[in-house]
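Report on one structure; see the data block that follows.
Throughout, read-outs are computed from the coordinates displayed, never taken from laboratory work. Fair warning: this is a prediction, and the values are worked out from it, not measured in the lab. Ideal geometry is used to build each Cβ from the backbone, glycine not excepted, and the neighbour counts take in all protein chains shown.
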Amino acid sequence: MYFYCYHCWSDFEENTQKCPACGKETASFSGLNFEDKLICALDHPERLTLQRVVWIIGNLRVEKALPKLSILAGKGHDFIILFEIINTLHKIGNSEAVEILEKLSKHNSGMVRKYASETLLRIQDENTILKISKCHD
Ligand SMILES: [Zn+2]
């Protein structure tokens with residue numbers, strides 16, 4: 001289990017009172033709507049933080065972040081962010097995520113198109129494997 005600081009979005013393994021990275025209070029953590037905080041943090045101006053937030057959203061499979069991820073993907077951000085968004089869409093992997101990936105597979109950057117298309121294929125393969133393994137249950 002990982003914990004995240006909603007001030008600086010560092011992750012840490014112990015549920016501490018203060019964030020080991022920025023020293024701010026994390027005590028009121030559980031009382032807050034963490035998913036909404038994550039979604040708000042998608043407006044973060046600092047690229048590394050934004051990348052980390054996108055990564056956390058994928059790890060926690062925050063489906064409600066998808067509309068905002070879609071907007072972010074449409075803004076044509078830098079590659080680092082777009083690639084992290086693609087990874088996160090892969091981790092979430094539902095039909096809404098697939099729709100955004102389909103949009104990204106028509107992106108004006110060849111690199112983004114290629115990565116999004118490959119990810120779509122991977123999701124298809126995984127779904128096929130899942131179906132096959134269910135047949136053998
Ligand atoms: Zn912090």
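Using Cα-only point scatterers and the Debye equation, what is log10 of I(q)/I(0) for the range 46-135 at each q in 0.12, 0.21, 0.22 Å⁻¹, rounded to two decimals?
-0.34, -0.96, -1.04
Kindly count the pairs of lysines across the chain whose alpha carbons are less than 15 Å apart, treating pairs on different chains or eight or more residues apart as eligible. Working shown, then result.
Numbers: K37/K64; K37/K68; K64/K91; K68/K103; K75/K103; K75/K106; K103/K114; K106/K114.
So the count of such lysine pairs works out to 8.
Which order do peptides 66-75, 124-133, 11-20 fall in by mean Cβ count within 10 Å, highest first?
Values: 66-75: 16.1, 124-133: 10.1, 11-20: 12.5.
Ranking, from highest mean packing down: 66-75, 11-20, 124-133.
Which trypsin sites (Lys or Arg not before Pro) in the range 77-119 sit in a loop by DSSP (not H, G, I, E or B) and have at most 12 other Cβ atoms within 10 Å of their own Cβ?
On the way: sites: K91, K103, K106, R113, K114; in loops: K106.
Taking the range 77-119 and a limit of 12 other Cβ atoms within 10 Å, the loop trypsin sites (Lys or Arg not before Pro) found are K106.
Tell me, in nm to one decimal, what length is gained between N127 and H44 on full extension, where the rule is 0.36 nm per residue of separation less the Cα-Cα distance? It would help to have the intermediate numbers written out before the result.
Working: separation 83, 0.36 × 83 = 29.88 nm, distance 3.35 nm.
That works out to 26.5 nm of additional length.
What's the extension gain from E25 to R113 if we count 0.36 nm per residue and subtract their Cα-Cα distance? Walk me through the intermediate numbers first.
Numbers: separation 88, 0.36 × 88 = 31.68 nm, distance 4.11 nm.
Residue separation times 0.36 nm, minus the Cα-Cα distance, leaves 27.6 nm.
If you place +1 on the Cβ of every Lys and Arg and -1 on the Cβ of every Asp and Glu, how big does the dipole about the Cα centre of the chain come out, in debye to the nearest 20? Show your work: numbers first, answer last.
Numbers: 17 positive and 18 negative charges, 66 e Å.
My answer is approximately 320 debye.
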